[in-house]
Amino acid sequence: MADVVCPRCGHRNALGSNFCSSCGLELSTHPDDTATLSLDTYEPTGEAPLVDPAEISDPGVLVVTRGPNVGSRIPLGTRRLTAGRHPESDLFLDDVTVSRRHAEIVHSDAGYEVVDVGSLNGTYVNRQRIERALLANGDEVQIGKFKLAFYARATEAR
């Protein structure tokens, strides 16, 4: 079985571990991660995934914080964005932890809302499993093993 070696103390941790079980160091990379993320309009930035809402040009944006393309920005605009493992999803998340039709992010007068559309593993906002939830700046959305931070212009966020 593959494992992740802690760069600080050398302890061997199970593959997929987020933190070293010996010294507590965050293990940010998983070399055997084969998941892919695809969206025609994502912007790979290579920057840290923290965003100042004043800098956002789109009404709303998701920033990848875990998974392939960390730091990529996914503009939401004012439409419904579908996320899942189905190739026709707006946000194609190719990993077995993601259902074919997993979740949607919908824009309304109230703001942006994430809706689980019957996924097997659930959709999470700030580590709480949800059926639907209104998003606020900085919220963490988890779909399968992908984590995305939500940001919106002040006029769009609740």
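The values are calculated or read from the model by the stated rules, or taken from the named source; none is laboratory data. Since the model is a prediction, treat every value here as computed from it, not as a measurement. Reconstructed Cβ throughout: ideal geometry from the backbone, glycine too, with neighbour counts over all protein chains shown. To get the accessible areas, we keep the full protein, side chains included, count just its heavy atoms, and leave off ligands, DNA and RNA. Shrake-Rupley method; radii C 1.70, N 1.55, O 1.52, S 1.80 Å.
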Worksheet item: Restricting attention to region 75-89, does a residue exist that is among the β-branched types (Val, Ile, Thr), crowded, with 18+ Cβ neighbours inside 10 Å and out of contact with any Ser or Thr (no Cβ under 7 Å at 6 or more places or on another chain)?
Response: no
Worksheet item: What are the residues in region 101-119 that are over 16 Å from the mean Cα position of the chain (by Cα) and either open to solvent by 40 Å² or more (accessible area, probe 1.4 Å) or among the basic types (Lys, Arg) (or both), if any?
Response: His107, Ser108, Asp109, Ala110, Val117, Gly118
Fill in: Single unsatisfied condition, Ala54 versus (1) part of a loop (DSSP other than H, G, I, E, B); (2) within 19 Å of Glu140 (Cα to Cα); (3) modelled with pLDDT under 75; (4) not aromatic (Phe, Trp, Tyr)
(1)
Worksheet item: In region 123-140, which residues are assigned to a loop (DSSP other than H, G, I, E, B) and on the phi < 0 side of the Ramachandran plot?
Response: Glu131, Leu135, Ala136, Asn137, Asp139
Item to complete: Read through the list (1) open to solvent by less than 50 Å² (accessible area, probe 1.4 Å); (2) more than 16 Å from Gln142 (Cβ to Cβ); (3) free of Cβ contacts under 8 Å to residues at least 12 places away in the same chain, then give the number of the only condition that Gly122 fails.
Response: (2)
